[in-house]
1. Counting only residues 5 or more places away or on other chains, whose amide H sits under 5 Å from the amide H of B:His37 once H atoms are built in the peptide plane?
2. Which whole number of Å³ per residue matches the convex hull of the alpha-carbon atoms in chain B?
3. How many nanometers, to one decimal and shortest first, lie between the label point of B:Gln50 and those of its other copies, if labels sit 7 Å from Cα toward Cβ?
4. Give the whole-number value, in cubic angstrom per residue, of the convex hull volume spanned by the C-alpha atoms of the protein assembly as shown.
5. Please list 3J(HN,Hα) in residue order for segment A:73-78, calculated via the Karplus relation 6.51 cos²θ - 1.76 cosθ + 1.60 where θ = phi - 60°; whole Hz, with x for glycine and proline.
6. Inter-copy label distances at A:Glu70, 7 Å along the Cα→beta-carbon direction, one decimal in nm, shortest first?
7. Going by how many other Cβ atoms sit within 10 Å of their own, how do A:Arg91, B:Arg2 line up, fewest first?
8. Taking θ = phi - 60°, what integer Hz values does the Karplus form 6.51 cos²θ - 1.76 cosθ + 1.60 yield along segment B:7-12, in sequence order, with x for Gly and Pro?
There are 2 protein chains.
Amino acid sequence: MRIGELAEKTGVSVRALRYYEEQGMLVPERSAGGHRHYSERGVEVVWLIQQFYAAGLSSKTILTILPCVESREATPEALAVLVAERDRIDRRLAELAGTRKQLDDVIAIASSGACSHDSRPD
Amino acid sequence: MRIGELAEKTGVSVRALRYYEEQGMLVPERSAGGHRHYSERGVEVVWLIQQFYAAGLSSKTILTILPCVESREATPEALAVLVAERDRIDRRLAELAGTRKQLDDVIAIASSGACSHDSRPD
DNA sequence: CTAAAATCTCACGTGGACGTGAGTTTCAAC
DNA sequence: GTTGAAACTCACGTCCACGTGAGATTTTAG
């Protein structure tokens, strides 16, 4: 499929797909005229890239771990990156949970203060 | 305390503190000569800002919710922002957990695949 | 075969959170 | 009173994941 179709299927922009190629994350075939041609697999790869971006991985890191997902095997170095990133996500999860609690406390206190003189404990 | 001391205490750069002021998040007193002077409370505020940044809030959003934390009360609008951001964090937590699982699966498969198939040590 | 749609390659623009001088002024110590 | 560290104000630079034309080329529908 061509770039426009993949863009529609995945919901990412054409520009983004070209950027992914620039970074080496998703390199398609080319037609005689130079147009990009993606396989069905491309859809899943784009999803993965989005997932990893959402997890805060950089394109460089994604570039390292994508081949492992594709080939279902990893060099020791790549495996180390995978584990390190999982740990990073774990720390981030804990951090986020902490901030969530912060926010929750603020909401509890602020709302009781703003809504009325009603200082009912939970 | 002056900006350098606060920077050291909080671990953020002097430039960052000036930036926080630019954004209105942490506005210190000024000496006659124009030097910034922060109270002890400044340390905690910087920690909060960092927390919220880490949670993915923009400086503009932080600017909205910081007064609520300080005054322990919120306008209905600010409260709505607080709740919306908590929800956003909840969604992000779920998202991150999903990606973590993805990564975990990849690690499980890749490591077993790498060890059994290619069991050549260095 | 033609016309329009899609795609192509530059290449500069954007936004957020600062980094990094440059040149000047203030403050604390002696 | 002097001096050196620390702070001050511009104001341009950086990094990342794209956005956004401009202008040329390729592909597809009629």
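Derivation of every value follows stated rules applied to the coordinates shown; laboratory data play no part. Bear in mind the structure is a predicted one, so any value in this text is a computation, not a measurement. FYI the Cβ positions are ideal-geometry reconstructions off the backbone, even for glycines, and counts take in every protein chain you see.
1. Here the answer is B:Glu29, B:Arg30, B:Ser31, since their amide H atoms fall under 5 Å of that of B:His37.
2. 151 Å³
3. Spelled out, the distances from B:Gln50's label point are 3.5 nm.
4. It comes to 205 Å³ per residue, whole-number rounded.
5. Going residue by residue, I get 8, 9, 5, x, 5, 5 Hz, with x marking Gly and Pro.
6. Spacings between copies for this position, smallest first, are 5.2 nm.
7. Values: A:Arg91 10, B:Arg2 13.
Ranking A:Arg91, B:Arg2 by Cβ neighbours within 10 Å, fewest first, gives A:Arg91, B:Arg2.
8. 4, 5, 4, 9, x, 9
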